[in-house]
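Data first, discussion second: the structure below is written as structure tokens.
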Amino acid sequence: MVKRVAVILAGCGVYDGSEINEACAVLVHLSRAGAEVKVFAPNEDQMHVVNHCEGKPQTEKRNVLQESARIARGDVTDLVKLDVASFDALVIPGGFGVAKNLSDWATKGKECCVKPQVEKVIKGFHAAGKPIAMCCIAPVLAAKVLPGCEVTVGQDCESDKWPYAGTAKALGELGCKHVNKNVKEAHVDRKNKLVTTSAFMCNAPVHEVFDGVGVMVTEVLKLA
């Protein structure tokens, strides 16, 4: 039976949208598994636009839906039209867009709020007993919306390889259980049907991130 999977993107580009390597890895692994995929994104302005050569914000405005279309090859739908009943699973890649456009984690950390439509979709899949997969920084959305869930963002001890390990502590302070995993591994919270992997929370080669995303996709489809 073909699994129908909804993918939520947050723009296009690691510093102000979805991390492109992660998003493409998700789409490739879902395609290889024979899943039917539909991409969604919020139809609203990004928090800001970053010059990716300099890593600095610019004054221009860009729309999250339009930017996500760059990754989805134009085939993207407004998030408000996502019908949970039409899909078997949900996947959300990482990138700073998750922390800027799907929530305000980037400015408020653990005190953040998840955007209402994003929260509605996550809660909808969870209430329906349908699995959810998130990678990189995206598990912070689950931490806010699904109290007590188990997630991984990699390791909880900061190092050159794990520069964002402090996120694990913040997740624990939100009442979640953080599980240490390496970049090519994923954690499965079977109670909540939630699958997470660290992706570029780890300073790792692209192929290792790709492999870890593949494990995440395989596990979420098993639960679907």
Discussion item. At a threshold of 8 angstrom on Cα-Cα distance, excluding pairs fewer than six apart, so keeping six or more, what relative contact order does the chain reach in percent?
Written reply: 20 percent
Fill in: Given [x] 12.1; [y] 10.9; [z] 16.2, the label whose value is mean projected area of the Cα convex hull in nm² derived from this model
[y]
Fill in: From phi via Karplus (6.51, -1.76, 1.60), per-residue ³J(HN,Hα) for segment 138-155 in Hz, x at Gly/Pro
4, x, 5, 5, 5, 4, 7, 9, 10, x, x, 6, 10, 9, 10, 10, x, 10
Practice prompt. Quick one: check the C-alpha center-to-center distance for segment 55-74 versus segment 168-224, whole angstrom.
Written response: 26 Å
Worksheet item: Looking at the chain, which longest stretch skips every one of the trypsin sites (Lys or Arg not before Pro) that is in a DSSP loop with at most 15 other Cβ atoms within 10 Å, leaving the sites themselves out?
Response: 74-160
Item to complete: Stick to Cα atoms and the Kirkwood definition of Rh, then tell me Rg/Rh for segment 61-109.
Response: 1.00
Worksheet item: For M47, M201, what's the largest-to-smallest order of accessible area, 1.4 Å probe?
Response: M47, M201
Worksheet item: So what is the orientation-averaged projected area of segment 23-149, using the convex hull of its C-alpha atoms, in nm²?
Response: 8.3 nm²
Response to the item:
Whole-percent carbon and sulfur contribution to the accessible surface of segment 1-77 (1.4 Å, no ligands, DNA or RNA) stands at 46 percent
Discussion item. Placing unit charges on C-beta atoms (Lys and Arg positive, Asp and Glu negative, everything else neutral), compute the dipole magnitude of the chain about its Cα centre in debye, rounded to 20.
Written reply: 580 debye
Fill in: Dipole axis of segment 164-221 (+1 Lys, Arg; -1 Asp, Glu on Cβ), positive-most option in G212, C202, V179
V179
Worksheet item: ³J(HN,Hα) across segment 182-194 via Karplus (A = 6.51, B = -1.76, C = 1.60, θ = phi - 60°), whole Hz, x for Gly/Pro?
Response: 7, 4, 8, 10, 9, 9, 10, 8, 5, 4, 9, 6, 10
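Taking only protein heavy atoms into account and a 1.4 Å probe, give the accessible area per residue of the chain in Å².
44 Å²
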Worksheet item: How do S86, S68 rank by accessible surface area computed with a 1.4 Å probe, from largest to smallest?
Response: S86, S68
Item to complete: First measure r as the distance between the Cβ atoms of D104 and A127, then evaluate 1/(1 + (r/R0)^6) with R0 = 30 Å and state the FRET efficiency to the nearest 0.05.
Response: 0.80
Worksheet item: On full extension of the chain, what length is gained from Q58 through A85, given 0.36 nm per residue of separation minus the C-alpha to C-alpha distance?
Response: 5.8 nm
Item to complete: Starting from the residue with the highest accessible area, list C149, C113, C12 in decreasing order, probe 1.4 Å.
Response: C113, C12, C149
Worksheet, complete the sentence: Quick P(r) readout (segment 135-217; Cα-Cα; 5 Å bins; whole %) gives 3, 19, 29, 26, 15, 6, 1
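The values are calculated or read from the model by the stated rules, or taken from the named source; none is laboratory data. Note that the structure is a prediction, hence the values are computed from the model and not measured. Here the Cβ is made from the backbone with ideal geometry for all residues, glycine too, and neighbour counts use every protein chain on show. Areas reflect the complete protein model, heavy atoms only, side chains present, ligands, DNA and RNA absent. Shrake-Rupley method; radii C 1.70, N 1.55, O 1.52, S 1.80 Å.
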